[in-house]
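The values are calculated or read from the model by the stated rules, or taken from the named source; none is laboratory data. What you see is a predicted model; the values in this text were computed from it and never measured. So basically every Cβ, Gly included, is an ideal-geometry build from the backbone, and we count neighbours across all protein chains shown. In case anyone asks, the SASA skips ligands and DNA or RNA and just uses the protein heavy atoms, side chains included. Shrake-Rupley method; radii C 1.70, N 1.55, O 1.52, S 1.80 Å.
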Amino acid sequence: MAKLVHQPREDAEFDFILRMSKVPVLAYFIGTWPKAIEPCRAMDLVVGGVADAYAGRLTVVRADITRCPAATERYGITGAPSCVVLREGEAVAHATGPMTSAGVRELLEGHL
């Protein structure tokens with residue numbers, strides 16, 4: 001995982017990262033149950049590349065659904081992996097399932 005990706009251990013840390021970000025946030029939700037592990041690992045590479053490419057223009061947060069249940073509920077996450085683009089804490093774009101780098105960039109389009 002890229003050094004530019006924040007990995008909160010709990011909801012309070014997730015919320016702190018959102019409050020401190022001066023730029024839009026890509027919240028990437030992962031699952032740790034058996035069927036979610038492989039798709040989420042594949043997305044780690046994609047999201048890490050996006051974090052590097054958009055450094056300074058985007059904050060990236062990798063949130064474990066089981067460690068951040070309030071954020072998971074707040075943003076209507078129903079599966080993993082899921083990506084949510086946030087501006088000032090409000091969801092402006094959402095996608096569920098594995099994505100390519102081009103797909104994540106398309107999700108971000110118009111929100112940076």
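Observations
- Residue satisfying all of: in the stretch 68-93; farther than 16 Å from Leu18 by Cα and part of a loop (DSSP other than H, G, I, E, B); nearest to the chain's Cα centre (by Cα) among these: Pro81
- Taken over the stretch 1-39, the criterion of being modelled with pLDDT of 95 or more, of a type in the set (A, V, I, L, M, F, W, C), outside any helix (DSSP H, G or I) and within 18 Å of Pro81 (Cα to Cα) is satisfied by Val25, Leu26, Ala27, Phe29, Ile30.
- If the condition is being under 20 Å from Ser21 (Cα atoms) and either of a type in the set (D, E, K, R) or assigned to a helix (DSSP H, G or I) (or both), then the stretch 40-67 contributes Val47, Gly48, Gly49, Val50, Ala51, Asp52, Ala53, Arg57, Arg62, Asp64.
- Applying the condition of being open to solvent by less than 20 Å² (accessible area, probe 1.4 Å) and not small (Gly, Ala, Ser) to the stretch 96-112 and asking which residue is farthest from Val23 (Cα to Cα) yields Val104.
- Cβ-Cβ distances below 7 Å connect the following pairs, each with a first residue in the stretch 3-29 that is farther than 16 Å from Ile77 by Cβ, a second residue that is among the small types (Gly, Ala, Ser), and a separation of six or more residues or different chains: Leu4/Ala51; Leu4/Ala55; Val5/Gly48; Val5/Ala51.
- Set side by side, the residues Ile65, Ile37, Ile77 differ, and just one is open to solvent by 10 Å² or more (accessible area, probe 1.4 Å) and closer than 14 Å to Pro8 by Cα, which is Ile65.
- Scanning the stretch 40-50 turns up no residue that is over 22 Å from His111 (Cα atoms), open to solvent by 20 Å² or more (accessible area, probe 1.4 Å), in contact (Cβ under 8 Å) with a residue 12 or more places away in the chain and in contact with a Phe, Trp or Tyr (Cβ under 9 Å, 6 or more places away or on another chain).
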